[in-house]
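What follows is a short report on a single structure.
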Amino acid sequence: MMPGGTSAAQTATDEVQKICDEMKPHAEKKAGKSFDTFTAKSFKTQVVAGTNYFIKVHVGGDDHVHLRVYKTLPHTGGTLDLTGLQDSKSHHDPIEYF
């Protein structure tokens with residue numbers, strides 16, 4: 001990984017699913033719809049002054065969304081903020097920086 005770049009895509013972990021669980025209501029508000037399913041599938045990270053998570057989330061059927069979640073550094077509370085959402089994604093769409 002080059003400095004400031006994103007990591008390679010990885011299979012979602014329990015930690016990433018917990019981030020998704022916390023971000024679900026924010027994602028639904030941003031997307032303007034409810035999701036019956038909200039399962040993290042894969043993710044990339046980018047280390048900045050904190051960490052950006054780019055997460056592929058299965059939301060039912062063949063539908064996926066990509067989330068960009070910023071996690072502050074632990075000494076500032078480690079809070080999460082949904083900073084972006086890409087809708088109408090498929091299982092095959094790669095996670096890209098956005």
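The values are calculated or read from the model by the stated rules, or taken from the named source; none is laboratory data. Since the structure is predicted, the reported quantities are computational estimates derived from the model, not experimental observations. Neighbour counts are summed over all protein chains in view; Cβ atoms, including those assigned to glycine, are modelled from backbone coordinates with ideal geometry.
Give the residue that is farthest from the chain's Cα centre (by Cα), with candidates limited to residues of region 12-56 that are more than 26 Å from THR76 (Cα to Cα), polar (S, T, N, Q) and part of a strand (DSSP E or B). The extreme case among them is THR39. Under the condition of being surrounded by fewer than 17 Cβ atoms within 10 Å (Cβ to Cβ), within 18 Å of PRO94 (Cα to Cα) and either in contact (Cβ under 8 Å) with a residue 60 or more places away in the chain or in contact with a helix residue (DSSP H, G or I) (Cβ under 6 Å, 6 or more places away or on another chain) (or both), the residues counted in region 1-55 number 1.
PHE35 meets all of the listed conditions (1) at pLDDT below 95; (2) under 26 Å from GLY4 (Cα atoms); (3) in contact with a strand residue (DSSP E or B) (Cβ under 6 Å, 6 or more places away or on another chain) but one, namely (2). Within region 57-96, the set of residues being of a type in the set (Ser, Thr, Tyr), surrounded by fewer than 12 Cβ atoms within 10 Å (Cβ to Cβ) and not in a strand (DSSP E or B) comprises THR76, THR79, SER90.
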